[in-house]
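The structure appears right after this line, and notes come after that.
Taken together, the values in this text are just the output of simple stated rules run on the coordinates, not laboratory data. This structure is a prediction, so every number in the text was calculated from the model and none was measured. Every residue, glycine among them, receives a Cβ derived from its backbone with ideal geometry; neighbour counts consider all protein chains shown.
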Amino acid sequence: MPPIDESASEFAVLSFLRSRLPAGEGGEVFVGDDAAVLEPPPGRLLLATDMLVEGIHFDLGLTTLEDAGWKAIAANVSDMAAMGGEPLHAVVALAAPEGGGSLEALLNGLEQAAEHFGVRLVGGDLSSAPSWFVAVAITGTCGDRPAVLRSGAREGDRIFVTGPLGASAAGLRQLRSGGAHDKAIEHLLVAYKRPEARIAEGIAAARAGATAMIDVSDGLTRDLGHVAEESGVGFQLFEVPVATGASEEEALGGGEDYELVFTVRGDHVLRHFEEEGLRKPIEIGRCTGDPGERTLRQEPLSVSGWEHSFASRRGGAPPVG
């Protein structure tokens, strides 16, 4: 089927989507009906949703619609990873502005991310809006393991992060600068445009007995603060692993790194990562019994990062300017 253009009717667009997206197998039904028909997973079902809005979560002056499609899937997959689960299916609701760009480009990004993360796109919805709007709902499973919640951390638990932080925020800073980009900062641009969700790391952490876990989407201090609040603990950070080319401020509050922060008891956690051939998580601190404690290198740590608000953007630099 030829590429779809902006003047195509809704039914033409739907026909185009059906030609691109996979068909159901074994009695499952994907795109084409009022609802997808899916076989439930053998274990616990996980369900999450997230949305990207042009001008808030992505800027088409800095990135492409393909990048937006990738990030929409990656953000949702990361929510599965943060529960110790793996993704299964996704539905995507799109709203596009007239003359706002190529639907096919956005679909390319969605498909690329879905294939990369092992997600099956099974349906969605289409509409129009003053700007681009991409909402994804995703299912996943943690099998027969309990899901790792934010509320299980206890005093004395060790705090780990799955990798250095701040690369995404540094990539955004480089894009905003408008200067020439060389290979030395390419990893920063990729971190912002095409983030990696840590599915295998989340499963390894769950198998290691993680007591609480969250992905770093809003910034380390804010996301770790969610764990502390839900668990009724405080935390002392000894160090913050900073990605090459990023600043410590970006590592603490930049957000959209999609690394995982988890708490765990005992000394066996590294073995589970080594057995899976994964890079070792980095120990960054301890949970304390004082719910109000937030320190870095024994100094008070202020909370920074992205704070969601219906009325305004507060609490730090938003994802786009």
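Taking 0.36 nm per intervening residue step and subtracting the Cα-Cα distance, what contour gain separates E229 from E39 on full extension?
Values: separation 190, 0.36 × 190 = 68.40 nm, distance 3.61 nm.
Net length gain for the segment: 64.8 nm.
Largest first, please: the extent of the C-alpha atoms of the range 97-203 along each principal axis, to the nearest Å.
54, 39, 25
Starting from 0.36 nm per residue, how many nanometres of slack lie between I56 and F238 once their C-alpha separation is accounted for?
62.2 nm
Can you list the residues, at least 5 places off or on another chain, whose amide H is less than 5 Å from the amide H of T288, using H built in the peptide plane?
G156, G234, F235, Q236
Pulled fully out, how much extra length does the chain show between A129 and A93, if you take 0.36 nm times their separation in residues and subtract their Cα-Cα distance?
11.8 nm
For the range 51-134, would you read off the P(r) tail past 20 Å as a percentage of all alpha carbon pairs?
On the way: 978 of 3486 pairs.
Summing the P(r) tail past 20 Å for the range 51-134 gives 28 percent.
Counting only DSSP beta bridges with both residues in the range 158-300, what percent are antiparallel, rounded to the nearest 5? Display every interim value, and only then the final one.
Numbers: 18 of 22 bridges.
Around 80 percent antiparallel, to the nearest 5.
Set the Förster radius R0 to 30 Å, insert the Cβ-Cβ distance between E249 and R207 as r into 1/(1 + (r/R0)^6), and round the FRET efficiency to 0.05.
So the FRET efficiency works out to roughly 0.35.
Give me the percent relative contact order of the range 94-234, please, defined on Cα pairs under 8 angstrom at least 6 residues apart.
Normalised by residue count, the contact order of the range 94-234 is 29 percent.
Cut-off is 10 Å between beta-carbons; in what order do C287, C142 appear when sorted fewest neighbours first?
The most exposed by this proxy come first: C142, C287.
Among 126-135, 111-120, how do they line up by average Cβ neighbours within 10 Å per residue, starting with the highest?
Numbers: 126-135: 16.0, 111-120: 19.2.
Taking the mean over residues of other Cβ atoms within 10 Å, the ranking is 111-120, 126-135.
Hey, with R₀ at 56 Å, roughly what FRET efficiency would D290 and R176 work out to, going by the Cβ-Cβ distance, to 0.05?
FRET efficiency, D290 to R176: 0.90.
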